[in-house]
Amino acid sequence: MAVRAYVFVTTTNPGPRAACRAIRKIPGVVQADALFGGPPVVAVVEGRDLAEMDAPIDAIVNLPMVVDTETHVVREIEREAEARRPSRTTSSRR
């Protein structure tokens, strides 16, 4: 099972656009987007385990426009199967 983390990235100003473009090229990065508000960029990083995510996170940290990062590892919580939920359909027949 893959491990995923959200990496919130603070950049120089201007820098979010360039940071997104550079981050998206890093192997192990699944997605990177600019945000309105702070921090200006969020990246999604995946790996087989925590150790495998070190390289892409280190690569993000080492980008020249990156000032700071905050990484949050995702804690998977099982989702209930849709089949377990009772149907809420209505019928016009009685």
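The values are calculated or read from the model by the stated rules, or taken from the named source; none is laboratory data. Computed from a prediction, not measured in an experiment: that's the story for all the values here. Note that each Cβ is placed from the backbone with ideal geometry, even for glycine, and that neighbours are counted across all protein chains shown.
Overview of results
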item: Selection within segment 25-44 - farther than 18 Å from MET65 by Cβ and among the aliphatic types (A, V, I, L, M); result: VAL30, VAL44
item: Single residue of segment 28-48 satisfying the filter (touching a residue at least 24 places away in the same chain (Cβ under 8 Å) and out of contact with any strand residue (DSSP E or B) (no Cβ under 6 Å at 6 or more places or on another chain)) that is surrounded by the most Cβ atoms within 10 Å (Cβ to Cβ); result: ARG48
item: Total residues in segment 22-54, condition farther than 15 Å from ALA2 by Cα and in a helix (DSSP H, G or I); result: 3
item: One residue from PRO86, PRO39 being closer than 10 Å to VAL9 by Cα and either touching a Pro at 6+ places or on another chain (Cβ under 8 Å) or modelled with pLDDT under 95 (or both); result: PRO39
item: Residue list for segment 55-71, filter: part of a strand (DSSP E or B), among the hydrophobic types (A, V, I, L, M, F, W, C) and in contact with a helix residue (DSSP H, G or I) (Cβ under 7 Å, 6 or more places away or on another chain); result: VAL66
item: First in segment 11-27 and under 14 Å from ASN62 (Cβ atoms), second anywhere and small (Gly, Ala, Ser), Cβ under 7 Å, 6 or more apart; result: THR11/ALA19; ILE23/ALA32; ILE23/ALA43; ILE26/ALA59
item: Conditions (1) buried (at least 17 other Cβ atoms within 10 Å of the Cβ); (2) touching a Gly at 6+ places or on another chain (Cβ under 7 Å); (3) among the hydrophobic types (A, V, I, L, M, F, W, C); number of the one not met by ALA22; result: (2)
item: Top-ranked residue in segment 62-72 [being surrounded by 10 or more Cβ atoms within 10 Å (Cβ to Cβ) and either at pLDDT below 95 or not β-branched (Val, Ile, Thr) (or both); ranked as farthest from THR11 (Cα to Cα)]; result: HIS72
